[in-house]
Amino acid sequence: MTFILLRLTFYLAAFLVAASINFALPRLMPGDPIDIMLSQAEGRISPEVRDRMAETFGFVDKPLYQEYLTYLASVLTWDLGISIKFYPLPVAEVLGRALPWTVFLAGTAALLAFILGSWLGINAAWRRGSRFDAFISPAALTLQSIPAVVVALILLFVFGVTLRWLPTGYAYAPALDPALDFTFVGSALYHAVMPLTTLILTSFGAYLITMRNNMVGQLGEDHVMMATAKGLGDRQVRYRYAARNALLPSITAFALTLGHVLGGSLVTEVVFNYPGLGNLLYLGVIARDYPLIQGQLLIMTLAILAANLIVDLIYVLLDPRLRRG
Amino acid sequence: MAEILRAFLRNRKAAVGLAIVIFYVVVALAAPLITAHDPNKRVARPHQPPSIETVMGSTRMGRDVYTQLVWGSRTSLAVGFLAGLIVTALGTLIGVTSGYFGGKVDEILNFATNIVLVIPQLPLLLVLAAFIGEAGPLVIAIIIGLTSWGWGARVTRAQTLSLRQREFIEASRALGEPAWRMILVELLPNLLSIISLNFIGSVIYTIITEATLEFLGLGDPLAVSWGTMLYNAQITAAITVGAWWEVLAPCAAIATIGIGLSLINFGIDEVSNPRVRTLRAAGAA
């Protein structure tokens, strides 16, 4: 319990840092911050809306610490102002619509990449020095050093534009309405093939390398030798003795690389015009929609923190030492 | 030292990687010699496929893809190495300080490192770049450098902590060596492989991230770099009209330099950590 409480305090601190960056940035820019924030909205928003926005972002005629508290209060009540690009929708609502798509895309990709990478890593380490190992380990590292934008553009060109096997954009066929039926889910999956492939290709390598190196370390341990010596089957030693222990550091690595998946998902969404947070951030950046951009940083930080919390909980389940106290 | 270097070069992955990186460095340095004109000059009709005059084709604006690629390598490499240096310097400084001094210093620095690690990098960079406006390559290098040291600091700290327990460190502490000498003479040489892994990794990360930021339109559109080439290709719908050369050239360049650098990293890892070697290397040892 203490462990989880400590982690929660840490996540709260991390979130406050993200909010403080948002608070500080417009104030560090030359010129009137509220003018900068709303520069693209000239003539489109009424004075009342402008005043309300000013208050949301803490531009009140008070000392700086009160401005900060005003801003924190709006953030904590999830009042992120009004989007300029999607005027008059509030930022929170615009983000809420895009969030499920990114959670689906980045979440599925992270999970599949973790499973694929760890499984390949276990087997590369098990057959250390085999041809499989000599090929897959450098290959994984190599793939990892190719940016998502490059993989996405190449996939788009080959399978989308030239071969026309897969749709080149959006999350589902434009004629469909979102619903939980086979046609819609099928269409959504079909549209997710290329973005998912891009994300998995660019992220499974890190898991493979971590898992391989942990596993190589485990294979030299006494308990693994003991398991082999008492005549346990190959698979049982590999998965139940070696891999099980090697998995713990891998899970930490998983939490750390989630941010990477989110970053990769950002560009991938832009290339495939996928209606998630990444694409929204891109549209916001082009339109210099600062309230939207700032809201993005907060929601993406929250997403990473939530994912980290889940990893922490899994860790508590897997490592009995953390359950004491 | 010379022995380490020889072992490093005998590693086939490291040698291939080094060759790729040196190739790009030479291309970047020789840019004025191997290209005929300014990279932003219009020299051909729009979207000409590769031919004798334009070996890699031309862009929508009639610019020569080859010339842009060669000049672009200057920007991409310079940004990569500069940010790599900043990241490594910060990461090493923070990691070593935190690991060596321990106590309150460690608590504070480690806390800061953990925070930097959980705030999503790319969205943060987008926010910074959006407020800065059209960020030139130098600004991009600096903001990447200042925001990406978390991983390096964490790894360096862990290694410093484990080194601090070793006997030779205990011995020199017992001899009363001052802290600066302990860090510079006893610790840093033993951290060399971690520091170089961190440096190369950061260069890869920066080249990728710079290209991504510019692709998203946050760079200075007049700068010539691989990222702005991708950006221009994207906004002129090069892929949809079938001008594959305009997209393929920068993609291939970014991918190969990334592969080259990561091969070097693989080599460093294998030379410094015999346990992860694959058969060829293990057999040779």
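The numbers here are math on the coordinates, done by the rules we state, and not lab data. None of the values given here were measured: they were computed from a predicted structure. Methodologically, a virtual Cβ is constructed for each residue, glycine included, from the backbone with ideal geometry; neighbour enumeration extends over all protein chains shown.
Odds and ends about this structure:
- For the range A:281-325 versus the range B:87-110, the gap between their alpha-carbon centres in whole angstrom: 25
- Dipole magnitude (debye, nearest 20) for chain A, charges at Cβ of Lys, Arg, Asp, Glu: 1460
- Anisotropy class of the range A:2-76 from Cα gyration tensor, a/c 1.5 cut: prolate
- Chain A: most fluctuating residue of A:M37, A:M211, A:M300 per GNM, C-alpha cutoff 10 Å: A:M37
- For chain A, the membrane-span-like helices by this rule, meaning whole DSSP H stretches whose C-alpha atoms cover at least 27 Å of axis and whose Kyte-Doolittle mean is -0.5 or above, are A:2-28, A:91-126, A:182-219, A:244-271, A:290-318; this says nothing about an actual membrane.
- Geometric descriptor of chain A, per residue, is 186 Å³ (volume of the convex hull of the Cα atoms).
- Residue order, fewest to most beta carbons within 10 Å, for B:S73, A:S265: B:S73, A:S265
- Label-point gap, in nm, between B:V105 and B:V25 - each point 7 angstrom along Cα→Cβ: 3.3
- Longest to shortest principal axis, alpha-carbon extents of the protein assembly as shown, angstrom: 75, 67, 60
- Placing R0 at 30 angstrom, the Cβ-Cβ distance between A:V17 and B:A89 gives a FRET efficiency of 0.85 after rounding to 0.05.
- Centre separation in Å (Cα based) which lies between the range A:13-60 and the range B:1-39: 47
- Separation of the B:R45 and B:E134 label points, Cα + 7 Å toward Cβ, nm: 3.0
- Taking 7 Å steps out from each Cα toward its Cβ at A:F132 and A:L302 produces label points 4.4 nm apart.
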